[in-house]
Amino acid sequence: FIFRCCNRLDRDTSGLTVVSKHLVSGSILSTMTKNREVHREYLAVVKGRVTPSSGTICASLARKEGTIIERMVDFEHGEEAITHYKLIREANGHSLVSLKLETGRTHQIRVHMSYINHPLLGDEIYGPATPAQFKNLRGQTLHARILGFKHPRTNQYIEVEAPLPPYFVDLLKTLKK
């Protein structure tokens, strides 16, 4: 059968994505995502201690000139992008944060966290070079942990949670006080 991805994850981001095995369901789920009816929560490890410990980043995003991959904050020409964040814990110069997307722009979390001077650990595009002690990371430390939505046929609310991959669990051990 043909499956349809109804949302996307950046390359090297672990976790959940919604996949439909029917054209009509895929269309409904894609529309739900665009209409902000899909709950998405991520975990990320970022540089520094995030202050304030919770907040909302409202910074429009646009494609960076001269590249098809990179995005940047652009209040004049960008599309609305809203990310809610909350500090979970901090240690050793890094923070574990929970992030909830209100919108879903390409690289939104990565650009927003870099914009507030807390780039994701391992993000070679929007952050500094990965420190030597973390060279085993496979890209940015971003995990799509929770997805919630109404089933397109039954209208029943479904919420699923993905366990952290082993490399992420090992990294979090360094953030314990």
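The values are calculated or read from the model by the stated rules, or taken from the named source; none is laboratory data. Bear in mind that the values here come from a model prediction, so they are computed numbers and not experimental data. Note that each Cβ is placed from the backbone with ideal geometry, even for glycine, and that neighbours are counted across all protein chains shown. What goes into the accessible areas is simple: the full protein's heavy atoms, side chains included, and nothing from ligands, DNA or RNA. Shrake-Rupley method; radii C 1.70, N 1.55, O 1.52, S 1.80 Å.
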Identity of the residue in segment 127-158, at pLDDT below 95 and among the hydroxyl-bearing types (Ser, Thr, Tyr), that ends up most open to solvent (accessible area, probe 1.4 Å): Thr154
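Residues are listed down the side, and each one gets a yes or a no for (1) over 17 Å from the mean Cα position of the chain (by Cα); (2) assigned to a loop (DSSP other than H, G, I, E, B); (3) under 17 Å from Arg11 (Cβ atoms):
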| residue | (1), (2), (3) |
| --- | --- |
| Glu124 | no, yes, yes |
| Gln133 | yes, no, no |
| Arg138 | no, yes, yes |
| Phe168 | no, no, yes |
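List the strands (runs of 3 or more DSSP E) that sit entirely inside segment 1-98 and contain at least 2 residues that are of a type in the set (D, E, K, R). Show your work before the answer.
On the way: elements: 39-47, 54-58, 61-63, 71-73, 82-91.
Per the criteria, 39-47, 82-91.
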Taking Thr106 as meeting all but one of (1) farther than 24 Å from Thr174 by Cα; (2) in a loop (DSSP other than H, G, I, E, B); (3) in contact with a strand residue (DSSP E or B) (Cβ under 8 Å, 6 or more places away or on another chain); (4) modelled with pLDDT of 95 or more, write down the number of the exception. (4)
List every residue pair whose Cβ atoms lie under 6 Å apart, where the two residues are 6 or more positions apart in sequence or sit on different chains, the first residue falls within segment 1-27 and is under 21 Å from Ile68 (Cα atoms), and the second residue, located anywhere, is open to solvent by less than 60 Å² (accessible area, probe 1.4 Å) and not in a loop (DSSP other than H, G, I, E, B). Asn7/Thr33; Leu9/Ala144; Thr13/Leu142
Looking only at segment 140-166, filter to residues that are in contact (Cβ under 8 Å) with a residue 40 or more places away in the chain and part of a loop (DSSP other than H, G, I, E, B); which one of those is nearest to Met72 (Cα to Cα)? Gln140
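With the structure loaded, tell me whether Leu16 is open to solvent by 80 Å² or more (accessible area, probe 1.4 Å) and over 18 Å from Asp123 (Cβ atoms) or whether it fails that test. Quick ask: steps written out before the conclusion?
Numbers: open to solvent by 80 Å² or more (accessible area, probe 1.4 Å): no; over 18 Å from Asp123 (Cβ atoms): yes.
It is false that Leu16 is open to solvent by 80 Å² or more (accessible area, probe 1.4 Å) and over 18 Å from Asp123 (Cβ atoms).
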Search result, residues across segment 57-92 that are open to solvent by less than 40 Å² (accessible area, probe 1.4 Å) and of a type in the set (S, T, N, Q): Ser60, Thr67, Thr83
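Looking only at segment 23-38, which residues are surrounded by 14 or more Cβ atoms within 10 Å (Cβ to Cβ) and either under 15 Å from the mean Cα position of the chain (by Cα) or at positive phi (or both)?
Taking segment 23-38 first, the residues surrounded by 14 or more Cβ atoms within 10 Å (Cβ to Cβ) are 25-30, 32-33, 38.
Within segment 23-38, Thr33, Val38 qualify.
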